[in-house]
Amino acid sequence: MQDSAGMTGREKKNRIEMGEDIPAIQNTDSPSGLYTLESPGRSIPGSSIPAERPAFAVQEPLPPAPDPPEYFLPRRYDETILSLMVRDPYWVYAYWDISTTDVCRIDRDHGYGAWSAGSKILRVYDVTDGGAHLGRALMNIGIGDDSASWYINVPEANRAYCADMVLITPAGREIVLARSNSVFTPRDGVSDVIDEEWMVLREYDRLYWMSAGFGPSSPEFQRRFVARAMKHRLLMGSQLLAAGFSPAGPWGAEHSKGGMSGGSRIRLRAEISKIDNARAEMSNTNRARHQQNRTGRS
Amino acid sequence: MKESTKGFLAIILHAHLPYVRHPDTTDFLEGIWLNETITETYIPLLDVLNGLVADGIEFRITVSLSPPLMAMLSDPILQQRYIDHISRQIELSEKEVQRTSWDSQIHPLAIMYRERFYHAREVFESRYGRNLLNGFAHLQRSGAVELITSAATHGFLPLMDLVEESVSAQIAVGVNSYRSHFNTEPAGFWLPECGFSPGVDQVLAQHGIKYTITDTHGVLHASPRPRYGVYAPIYCRSGVAVFGRDVESSKQVWSADEGYPGDFDYRDFYRDIGFDLDLEYVRPYIHRGTRVHTGIKYHRVTGKTDDKAVYNRQAALNKAMIHAGNFMFNRERQIEFLASILDRKPIVVAPYDAELFGHWWFEGPEWLDMLIRKSVSEQNIYTLITPSDYLRIYERNQVATPSMSSWGYKGYCEVWLNETNDWIYRHLHRASRQMVELARKYRRADGLLRRALNQAARELLLAQSSDWAFIMKTGTMVDYAVRRTRNHLGRFSELYSQITQNRVDPEYVAHLEWKDAIFENMDYSVYAPQRVSAS
């Protein structure tokens, strides 16, 4: 949204999220109030294209418009949820909500005021080697009552993370309010794994099953094809390795000398970023002109 | 394939526009996106590719058509609107030919635009029967072009996998959409914004997809480490091949500093008579008194100055020829070098947004034409192929898992997940879970209930378009993107309530079917797929 002007970076990052950041919207999908109705089913004179429209399209007379001119999304759904999404190797986005029912239950079980006076903590775990019960808590992030989302700066790429939303009551008791899904952050460099496995996908696998009457759309075909392909691949991998395929090819050799793991990798990322910047610029300027148009450059 | 070839170049053009179709009005600015891209990109590209085929040039190129674009190009309402649009353009260009008759520099350009517009209307109506998909299908049948598909509404898949069925629905509907338009199976699948996350390949495999494309680091950071870098594909465990984008060839076209499109001889994008001429003169051809691009532009880039010189078409075409030669030369050297250090023939994968060609870079289609002609007739180092061709030549490839990646700024998800657009995901994920719930609860529904379920799926898919989050990030036309997100989610939510409360309103369903009429063969059961197990 464009509502972040004037906010500090930290305010922006930790702002109240639900509902309030959704700007006011004009009526209808299209900005105009004008309606020049066209029939969805009419044929186009002189066209060689079949004029039939989707069977679901409504023929004349047009239906009345029971569609409200504008829809609003709720600020929250009153459900207990904590979700994580990966932004990049070092940042994970979390959004959450705690239902009124759960809040009431906490007040009932732990004394009135337990919720409002308690501290809310986002506790992040590294679960690469197991679930949260095995994982080590990496950090506790204090959350304001009005916050509903957070960008978490995680320490390592290529790791699995999950989080708990924890309430610490005034009496010092910890209550897990919600547990998130697990996410896996991407690698930020070349893999350290250099064992190679090779595979041939043979068309006859497919043809064999198609000949047997299992078309590509048949779930049975898919199931058996996947099973067969997997079996075949595993065989191929071990066979090839056994046949002496070196795990370090020309690129592998370069990499193992560190040629690609340091400066070159950074250069590569820089090049990619430059290209992406250029793409973003072009797209921006492309769309920016529409904005200019609105303001009426002359 | 050339016998002496040392490697391969795979040019991939990805064509996509968001689904912008408002049957109730023509009075919205966003409608221009499709109209101007048809004139400036899709028709010129079809012209170039048809010309190559007609001249007997043996080449291969891959073109990805997104399902929303397929839906719009085959939509009679939008086809008629294009005819109306190009007819207005023709009228304006006729006026321009008259107005500029005294100006020896501008007048030939006015004539050029008039000819282009007449040509566009002629081929749109007569050659393609108003449906440009006919042109692409013909090129595929000719053997020159391999058409591939993309996700249903160009959803950015890595931010959807919290609800796996959303990912599989985007892919299933994308593949079905291709089938219904081209009556054949797509071999390849363009991941929107090259957005890959491990696991997506399994869904692609279930739909018979043989390959996809990621950004450079998607393959380079795969594990185990790929022996050939991005110069050979890798197989995911699912059997889907993944090709990585080549940095060098991308940079030559995309880079703001070094890229070809910024050359001073090329046509300037911004100087347009829609802005330059008297408001009353252009009023019938702009948007309700708001100045917009008319597509008639008489100046060249010139330099970093506002004092733009007049465009010289011949000089620009000469420059396109030089740039085509330069690109070819660089690919020859690159592939020669790679071939000398690899024990197999390298493939250089060069994907671009199709809309770059013609729309943004006016001479792009001519550059592509010259590049293909020169590549075929003037060198023997590389052969133009498609990823499918490569997989036929090299059946054996390394098995590795690509890294999560995209070709967006910084290479991951930040373009589609940042402070401008992160608010949408709470709503999108919830709607996705609800759609899965509906599909599981109402298996094999029929009649009105089935129509309501299918429409709910359409509304969810339309809300998931990556374009809305992207537009929110770019900061222009944000209102439209926010409105589209809210309205599709709002309609989904209303349908969900009606369905679960057993009070489906036939008028409401009919209205939405008419208003958001994408995917006529929609089948909501894609949200409750039969599990495919490997046992």
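Among the residues of region B:234-248, is there at least one that is surrounded by fewer than 18 Cβ atoms within 10 Å (Cβ to Cβ) and modelled with pLDDT under 95? Yes, region B:234-248 contains at least one residue that is surrounded by fewer than 18 Cβ atoms within 10 Å (Cβ to Cβ) and modelled with pLDDT under 95. Each residue in region B:221-242 was checked for being free of Cβ contacts under 8 Å to residues at least 60 places away in the same chain, farther than 15 Å from residue B:338 by Cα and facing chain A (nearest Cβ under 7 Å), and 1 pass.
Residues in region B:386-433 that are open to solvent by 10 Å² or more (accessible area, probe 1.4 Å) and part of a loop (DSSP other than H, G, I, E, B): B:394, B:395, B:404, B:412, B:418, B:419, B:420. Against the list (1) closer than 18 Å to residue B:172 by Cβ; (2) without any contact (Cβ under 8 Å) to a residue 60 or more places away in the chain, the condition residue B:474 fails is (1). If I filter region A:89-102 for residues that are of a type in the set (S, T, N, Q) and touching a Ser or Thr at 6+ places or on another chain (Cβ under 9 Å), do I get at least one hit? Yes, region A:89-102 contains a residue that is of a type in the set (S, T, N, Q) and touching a Ser or Thr at 6+ places or on another chain (Cβ under 9 Å).
Comparison of B:341, B:347, B:381, B:335 shows that the only residue that is in contact with a Gly (Cβ under 8 Å, 6 or more places away or on another chain), open to solvent by 20 Å² or more (accessible area, probe 1.4 Å) and at negative phi is B:381. Within region B:331-389, the set of residues being free of Cβ contacts under 8 Å to residues at least 12 places away in the same chain and among the basic types (Lys, Arg) comprises just one member, B:333.
Of all residues in region B:266-281, those satisfying the criterion of being open to solvent by less than 40 Å² (accessible area, probe 1.4 Å) and more than 9 Å from chain A (Cβ to nearest Cβ) are B:266, B:267, B:268, B:273, B:277.
For the condition open to solvent by 10 Å² or more (accessible area, probe 1.4 Å), outside the structural domain of residue B:242 (by TED's automatic domain parsing), of a type outside the set (Ser, Thr, Tyr) and assigned to a helix (DSSP H, G or I), residue B:181 does not qualify.
If I filter region B:303-311 for residues that are in a loop (DSSP other than H, G, I, E, B) and of a type in the set (Val, Ile, Thr), do I get at least one hit?
yes
Quick check on region B:468-477: of everything there that is open to solvent by less than 10 Å² (accessible area, probe 1.4 Å) and not small (Gly, Ala, Ser), which residue is farthest from the other protein chains (Cβ to nearest Cβ)? Residue satisfying both the conditions and the ranking: B:468.
Within region B:286-316, being open to solvent by 40 Å² or more (accessible area, probe 1.4 Å) and closer than 30 Å to residue B:350 by Cβ holds for B:300, B:304, B:312, B:313, B:314. Of the listed requirements (1) part of a helix (DSSP H, G or I); (2) facing chain A (nearest Cβ under 10 Å); (3) among the hydroxyl-bearing types (Ser, Thr, Tyr); (4) without any contact (Cβ under 8 Å) to a residue 40 or more places away in the chain, residue B:497 misses just one: (2). What's the number of the condition residue B:458 fails, among (1) of a type in the set (D, E, K, R); (2) open to solvent by 30 Å² or more (accessible area, probe 1.4 Å); (3) over 13 Å from residue B:156 (Cβ atoms); (4) not in a loop (DSSP other than H, G, I, E, B)? Of the numbered conditions (1) of a type in the set (D, E, K, R); (2) open to solvent by 30 Å² or more (accessible area, probe 1.4 Å); (3) over 13 Å from residue B:156 (Cβ atoms); (4) not in a loop (DSSP other than H, G, I, E, B), the odd one out for residue B:458 is (2). Note on region B:25-49: residues that are acidic (Asp, Glu) and either within 28 Å of residue B:191 (Cβ to Cβ) or open to solvent by less than 10 Å² (accessible area, probe 1.4 Å) (or both) total 3. Could we say that residue B:284 is part of a helix (DSSP H, G or I) and within 26 Å of the chain's Cα centre (by Cα) here? Here the answer is no, as residue B:284 does not meet what is asked.
For residue A:146, the conditions (1) at pLDDT below 95; (2) under 18 Å from residue A:93 (Cβ atoms); (3) open to solvent by less than 60 Å² (accessible area, probe 1.4 Å) all hold with the exception of (3).
Restricting attention to region B:72-95, which residues are in contact with a helix residue (DSSP H, G or I) (Cβ under 7 Å, 6 or more places away or on another chain), closer than 24 Å to residue B:179 by Cα and assigned to a helix (DSSP H, G or I)? Within region B:72-95, B:72, B:73, B:78 meet the criteria.
Based on what the data block shows, is residue B:437 at pLDDT 95 or above, assigned to a helix (DSSP H, G or I) and open to solvent by less than 10 Å² (accessible area, probe 1.4 Å)?
When the stated conditions are applied, residue B:437 does not pass them.
The values are calculated or read from the model by the stated rules, or taken from the named source; none is laboratory data. Nothing here was measured: the structure is a model prediction, and the numbers come from that model. Here the Cβ is made from the backbone with ideal geometry for all residues, glycine too, and neighbour counts use every protein chain on show. When the accessible area is computed, the model is the full protein with side chains, heavy atoms only, and any ligands, DNA or RNA have been set aside. Shrake-Rupley method; radii C 1.70, N 1.55, O 1.52, S 1.80 Å.
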